[in-house]
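> This is the structure, below, for whatever I ask next.
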Amino acid sequence: MKHGKLYFALALTVILLCIAAWLVFFFNVSGTANRPITLTGGSVQGIVKPLDVVFNPPALEDAPAENRDAVLLGFKIMTETKKYAGEYVGNNLACTNCHFEGGRSKDTISLVGVAAVYPQYRSRSDFSTDLTLRTMDCFQRSMNGTAPPADSETMQALTAYFQWISKGIPIYAEVPWIGLPQMDKNLKPDAAKGDPVYKDVCARCHGGDGLGTPIAPAVWGNGSYNSGAGMNRVETFAAFVWRFMPKASPNLTPEQALDVAAFVHDKPRPHFPGTKPSKPKSIDEAK
């Protein structure tokens, strides 16, 4: 009789323990079912939020072995454009004049992450363009040259380079360091006031005649960008100058940057004949 009571008590204890364990599991799952999760370093811990976009371009030498030569060539084209892609260049500029360190610097018009934000709509074309078309446009305008064919070694190397330095940045992420700041619309540029700014600040590197020196490129004349280049827009040039010039220690005010941009804009430069991109029918037009 005593043994029977003991067995019954043990069985009841086991049943109660099982019920308690189930209740703990049930309420734990129910209490977290509607809570978002976070991915931190690849693990699940807490609350979900988008991963931060970090400026951390990989070393060029770390590119995959089968692609490394193309990546390194792309960097050479960016930094020594006339030497490595001279057949497509019509002036004395190099891509790195606007994209310092081949676009790998944050203190420039950076290209780190650019492969993640294209294709994108461009008002100039009035439709979305990919990175290849965008780069071709740069050769035609900023380099005052001709567009490398999409299947050329030059363009393929540049594409490989852009892809590699964008490694780790999610497609269509918000990349805060890409692009230039907007200038204050209330400020009005004055080319006359820009004259002394150029003489005092810019001429020491770009030359009093604006035709460039061994340490800085031409900002007007036949060796500079043409009339179709983005830098030929006063606001674009001003934003670049305000943010990055002089290169060693940017110190111009927004007013000075706009004034000197207007001064440079008035100077002669090669004419861009303009191109009208082939635009397909819209969805509505095709119906």
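> For the stretch 197-205, indicate whether the set of residues that are within 17 Å of residue 73 (Cα to Cα), out of contact with any Ser or Thr (no Cβ under 8 Å at 6 or more places or on another chain) and hydroxyl-bearing (Ser, Thr, Tyr) is non-empty.
Going residue by residue through the stretch 197-205, those that are within 17 Å of residue 73 (Cα to Cα) are none.
No; the residues of the stretch 197-205 include none that is within 17 Å of residue 73 (Cα to Cα), out of contact with any Ser or Thr (no Cβ under 8 Å at 6 or more places or on another chain) and hydroxyl-bearing (Ser, Thr, Tyr).
> Would the stretch 205-225 turn up any residue that is at pLDDT 95 or above, surrounded by 21 or more Cβ atoms within 10 Å (Cβ to Cβ) and among the hydroxyl-bearing types (Ser, Thr, Tyr)?
Yes, the stretch 205-225 contains at least one residue that is at pLDDT 95 or above, surrounded by 21 or more Cβ atoms within 10 Å (Cβ to Cβ) and among the hydroxyl-bearing types (Ser, Thr, Tyr).
> Let me ask something else. Taking residue 196 as the residue in question, decide whether it is under 25 Å from residue 110 (Cα atoms), surrounded by fewer than 21 Cβ atoms within 10 Å (Cβ to Cβ) and without any contact (Cβ under 8 Å) to a residue 40 or more places away in the chain. Reasoning before the result, please.
Details: under 25 Å from residue 110 (Cα atoms): no; surrounded by fewer than 21 Cβ atoms within 10 Å (Cβ to Cβ): yes; without any contact (Cβ under 8 Å) to a residue 40 or more places away in the chain: yes.
Spelling it out, it is not the case that residue 196 is under 25 Å from residue 110 (Cα atoms), surrounded by fewer than 21 Cβ atoms within 10 Å (Cβ to Cβ) and without any contact (Cβ under 8 Å) to a residue 40 or more places away in the chain.
> Hey, does the stretch 245-260 have a residue that's touching a residue at least 40 places away in the same chain (Cβ under 8 Å) and among the hydroxyl-bearing types (Ser, Thr, Tyr)?
No; the residues of the stretch 245-260 include none that is touching a residue at least 40 places away in the same chain (Cβ under 8 Å) and among the hydroxyl-bearing types (Ser, Thr, Tyr).
> Consider residue 161 carefully, then state whether it is assigned to a strand (DSSP E or B) and in contact with a Phe, Trp or Tyr (Cβ under 9 Å, 6 or more places away or on another chain). Before you say what the answer is, go through the steps one by one.
Details: assigned to a strand (DSSP E or B): no; in contact with a Phe, Trp or Tyr (Cβ under 9 Å, 6 or more places away or on another chain): yes.
When the stated conditions are applied, residue 161 does not pass them.
> If you go through the stretch 77-99, how many residues are over 19 Å from residue 212 (Cβ atoms) and surrounded by fewer than 17 Cβ atoms within 10 Å (Cβ to Cβ)?
Final tally of qualifying residues: 1.
> When the residues of the stretch 248-287 are narrowed to those that are loosely packed, with under 10 Cβ neighbours inside 10 Å and of a type in the set (Gly, Ala, Ser), which ends up modelled with the lowest pLDDT? Show your work before the answer.
Restricting attention to the stretch 248-287, the residues satisfying the condition of being loosely packed, with under 10 Cβ neighbours inside 10 Å are 248-249, 273-274, 276, 278-287.
Now drop any that are not of a type in the set (Gly, Ala, Ser), which leaves 248-249, 274, 278, 282, 286.
Values: 248: 84, 249: 92, 274: 75, 278: 57, 282: 57, 286: 53.
For the stretch 248-287, the residue satisfying everything is 286.
> Looking only at the stretch 130-172, count every residue that is in contact (Cβ under 8 Å) with a residue 60 or more places away in the chain, within 17 Å of residue 112 (Cα to Cα) and either touching a strand residue (DSSP E or B) at 6+ places or on another chain (Cβ under 7 Å) or surrounded by fewer than 17 Cβ atoms within 10 Å (Cβ to Cβ) (or both) and tell me the total.
Within the stretch 130-172, residues that are in contact (Cβ under 8 Å) with a residue 60 or more places away in the chain, within 17 Å of residue 112 (Cα to Cα) and either touching a strand residue (DSSP E or B) at 6+ places or on another chain (Cβ under 7 Å) or surrounded by fewer than 17 Cβ atoms within 10 Å (Cβ to Cβ) (or both) number 3.
> So, one more: Do you know which residues across the stretch 191-249 are part of a helix (DSSP H, G or I), within 20 Å of residue 81 (Cα to Cα) and aliphatic (A, V, I, L, M)?
Hit for the stretch 191-249 is 231, nothing else.
> Return a yes/no flag: does the stretch 48-58 have any residue that is modelled with pLDDT of 95 or more and among the charged types (D, E, K, R).
For the stretch 48-58, residues modelled with pLDDT of 95 or more and among the charged types (D, E, K, R): absent.
> Still on this structure, please answer the following. How many residues does the stretch 81-102 contain that are in contact (Cβ under 8 Å) with a residue 12 or more places away in the chain and of a type in the set (Lys, Arg)?
The total comes to 1.
> Can you pull out the residues in the stretch 234-277 that are among the hydroxyl-bearing types (Ser, Thr, Tyr) and closer than 21 Å to residue 141 by Cβ?
So in the stretch 234-277, the residues among the hydroxyl-bearing types (Ser, Thr, Tyr) come out as 236, 249, 253, 275.
Scanning the stretch 234-277 gives 236, 275.
> Moving on. On the given criteria, is residue 175 crowded, with 18+ Cβ neighbours inside 10 Å, at pLDDT 95 or above and touching a Phe, Trp or Tyr at 6+ places or on another chain (Cβ under 8 Å)? Show your work before the answer.
Details: crowded, with 18+ Cβ neighbours inside 10 Å: yes; at pLDDT 95 or above: yes; touching a Phe, Trp or Tyr at 6+ places or on another chain (Cβ under 8 Å): no.
Against the criterion (crowded, with 18+ Cβ neighbours inside 10 Å, at pLDDT 95 or above and touching a Phe, Trp or Tyr at 6+ places or on another chain (Cβ under 8 Å)), residue 175 does not qualify.
> Here is a follow-up. Could you list all residues from the stretch 100-112 that are crowded, with 20+ Cβ neighbours inside 10 Å and within 16 Å of residue 71 (Cβ to Cβ)?
Answer for the stretch 100-112, where residues must be crowded, with 20+ Cβ neighbours inside 10 Å and within 16 Å of residue 71 (Cβ to Cβ): 102, 103, 104, 111, 112.
The values are calculated or read from the model by the stated rules, or taken from the named source; none is laboratory data. Note that the structure is a prediction, hence the values are computed from the model and not measured. Cβ atoms come from the backbone with ideal geometry, glycine included; neighbour counts cover every protein chain shown.
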